[in-house]
Structure formats: structure tokens, C-alpha cells
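*Asks:* Quick one: the structure is below, and I'll ask about it shortly.
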Amino acid sequence: MHTVVSSPNKTVTIGSDQPFCIIGERINPTGRKAFQEQLRAGDLSSVAIDVHAQIAGGATMLDVNMGAPFVDEPEMLANAIKLIQSITDLPLCIDSSVFEALEAGLAAYEGKALINSVTAEDERMEMIFPLVKKYGGAIIALPNDEFEIPDAPERRLELVDHIVRTATDKYGIPIEDIVIDPLAMPIGADSTMVVRTLETIQMIREKYDLNTTLGASNVSFGMPDRHTLNSVFIPMAMQSGLTSAIMDSRTDQIVTAVRAADLMKGNDEWGANWIAEHRAKIATAS
């Protein structure tokens, strides 16, 4: 199963036989007080810095979120997307919980975007899926509803079933344009959480072969040495079937672990990417 997203001049294909899709997470004001203040002042100068840093780190796509208090999110998201597309050809993941912001972002975007996100709530799907259909994007869907964030992988799969049926049967969205976020929860809160996430990924792969993504840093939230935990978790998830992640592409330890896993999984033919990136690091250090 291939999920294809694009900018005007670049196409990215997400799939189990493709190099892992690294979606840079940095363009997000959550936890960044200075960035929030800049956005309230209409200042997007930090966005350009974040774009260049994530590209240098190895991002395949960029997630864009402008959800800060007292910010006109629809206008800011549209402006940020236009700015980013003037800087890079990388496809974008348009990220908002606000319907109006998603619509403004999609209207401003040139290409086929990845939309982040929708849940299994019927009311939410009735809002978001027509937007996906109208703009022809791909959609990240989470298997939780208005009643629960399920612990059991089997219940998560039931909600995936509901999402897939609704998207394809009711709204005519191609199944390959559905990307499932299997719900990565903090291991510090419950040491069995990661195992459940890995089981969910594997079950989704076996039943639907759908592409999957998640917020990788959620796993290590609240724990020390988060980079090490993330650099171990993502390759484990890749082996279970994870094909992309919203992650910190500026952290060499994590990106290197992903590239090594690509090589070991056979998604880096003759090790060409691994060798090229190693040589680039040596050249940069010289």
C-alpha cells in the first residue's frame, strides 16, 4: 500500500517498501513560549529557521501547526504554509484540531497534503472527511472516539475498521489515502504502553496493509534521556510495520537509528543512502 503526497515539484511515497518517512515535528508552538509570542505578533521568522534545520537533519516532510493561544490560527496557518512552500519543495503535513484552520491551510497549500488529523468520532469524521475529499489530501486517523482512548489493541483495530468503512464507503476516500496513528502513549505512565502500540501497528498491517504514523516523542514523555528511548522505539515500530513518524529530524541520534533500520529492512538498496549520508557527515566535519 502506497500513500502518495506532494508539493508542486516533489512527491513522497510512504510505504513498507519505501525508506521511512520522517515528518519533522518542529514547526509547532506547543511548549515553545518564545515562538508563541512571535506568532501572536504575526512574526514567522522562526519558521524559516526551523525549516532549514529540519531539512538539514533529514526530514522527508514537514508538519505545520500554528495552534497557539490568542492566535488567528486559520490565517497564521495559511501564511506559514505559503512561507514554507517558498523555502522548500518538501510536502507538508497540515496539523490542526480546528476545522477552519485545516480548511484555510488546505486552500493555501499547493499539492497533495497529509492532513493531521481525524478521530473515530462520527461527528468529527462528518466534518473532516468532506474536507479531505474536496482537497484530495491524505488523512491521518486516530483509533479513539468520544468515549475512550482504548488500551486494548483489539479495540483500537475495531475503531480502525469504523474509520476505514466510513472513509471509503460513505465518502469515497481511497483506502491508500488513510494513514493510521496507532496511538503512542508515554511509557513512563505505563510500561506496557509501547507493547500495545507495537501490537496495534502489526494488526493494522496484517489486516489492511495501511500506512501508519505517530508522534514518536510521545513515547518518551516525562522520562530522562528521551533521545535514546526514541532512537530505540522507532526502529522497533518500523519492524512491526510503522512507515512514518512525526519526529525530531534535528536529532542525529534518532535519524541515524531510522536510517540504519531502513538499511537492515532492505529499504536502502546497496546501502546507498547510508553511505552517502556517512560521507556527507565526514565532509561537514572536515
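Quick note: the coordinates plus some simple rules give every number you see, no bench work behind them. Everything numeric here is computed off the predicted structure, so don't read it as measured data. Neighbour counts are summed over all protein chains in view; Cβ atoms, including those assigned to glycine, are modelled from backbone coordinates with ideal geometry.
*Asks:* Tell me, what is the FRET efficiency for Met223 and His278 to the nearest 0.05, using R0 = 25 angstrom and their Cβ-Cβ distance as r?
*Replies:* Working: r = 30 Å, r/R0 = 1.18.
For Met223 and His278, the calculated efficiency is 0.25.
*Asks:* While we're looking at this one, here's another question. For Ile23, Ile139, which order do you get if you count the other beta carbons within 10 Å of each Cβ and list the fewest first? Mind dumping the intermediate values first?
*Replies:* Details: Ile23 29, Ile139 24.
Sorted ascending by nearby Cβ count, the order is Ile139, Ile23.
*Asks:* Let me ask another. How many lysine pairs are close in the chain, with Cα atoms under 29 Å apart and the two 8 or more places apart or on different chains?
*Replies:* 22
*Asks:* How would you rank Ile201, Ile87, going from fewest to most other Cβ atoms within 10 Å of each one's own Cβ? Let's see the in-between values first.
*Replies:* Working: Ile201 27, Ile87 13.
In order of increasing Cβ crowding within 10 Å: Ile87, Ile201.
*Asks:* Let me know the volume per residue of the alpha-carbon convex hull for the chain, in Å³. Intermediate results must be reported in sequence, preceding the final value.
*Replies:* Details: hull volume 37.7 nm³, N = 286.
Cα convex hull per residue, to the nearest whole number: 132 Å³.
*Asks:* With 10 angstrom as the radius, rank Phe147, Phe99, Phe20 by how many other C-beta atoms surround their C-beta, starting from the fewest.
*Replies:* Working: Phe147 8, Phe99 13, Phe20 24.
Ordered by Cβ neighbours within 10 Å, fewest first: Phe147, Phe99, Phe20.
*Asks:* Would you compute, for the Cα atoms of region 128-286, the largest minus smallest coordinate along each principal axis and list the three values in descending order, in whole Å?
*Replies:* 57, 36, 26
*Asks:* Could you go through region 76-83 in sequence order and give the Karplus-derived ³J(HN,Hα) for each residue, using 6.51 cos²θ - 1.76 cosθ + 1.60 with θ = phi - 60°, rounded to whole Hz, and x for Gly and Pro?
*Replies:* So the J values, rounded to whole Hz, are 5, 5, 4, 5, 5, 5, 4, 5.
*Asks:* Further, regarding this structure: For the ranges 234-247, 173-186, what's the packing order if you count other beta-carbon atoms within 10 Å of each residue, average per peptide, and put the highest first? Working shown, then result.
*Replies:* Working: 234-247: 23.2, 173-186: 20.9.
Descending packing order for the listed peptides: 234-247, 173-186.
*Asks:* If I model a spin label at Ala56 and Glu154 as a point 7 Å from the Cα along the Cα→Cβ vector, what separation in nanometres do I get?
*Replies:* In this crude spin-label approximation the distance works out to 5.0 nm.
*Asks:* Quick one: if the Förster radius is 22 Å, what FRET efficiency do Tyr171 and Glu100 give, using the C-beta to C-beta distance and rounding to 0.05? Let's see the in-between values first.
*Replies:* Working: r = 20 Å, r/R0 = 0.90.
Between Tyr171 and Glu100 the formula returns 0.65.
*Asks:* With a point put 7 Å past each Cα toward its Cβ, work out how far Met127 is from Phe147 in nm, to one decimal.
*Replies:* 2.1
*Asks:* Please give the calculated 222 nm ellipticity per residue for the chain, where each DSSP H segment of at least 4 residues contributes -39500 (n - 2.57) and the sum is spread over every residue; nearest 500 deg cm²/dmol? Don't skip to the answer; put the middle values down first.
*Replies:* Details: 10 runs with 132 residues, N = 286.
For the chain, the value works out to -14500 deg cm²/dmol.
*Asks:* Determine the sum of side-chain charges near Val194: Lys and Arg each +1, Asp and Glu each -1, restricted to other residues whose C-beta is under 15 angstrom from that of Val194. Don't skip to the end; give the middle numbers.
*Replies:* Values: positive: Arg156, Arg196, Arg226; negative: Asp151, Asp181, Asp190, Glu199.
For residues surrounding Val194, the net value is -1.
*Asks:* Just to be sure I understand the model, the point goes 7 Å from the Cα along the line to the Cβ. What's the resulting Trp270 to Val4 distance in nm?
*Replies:* 2.6
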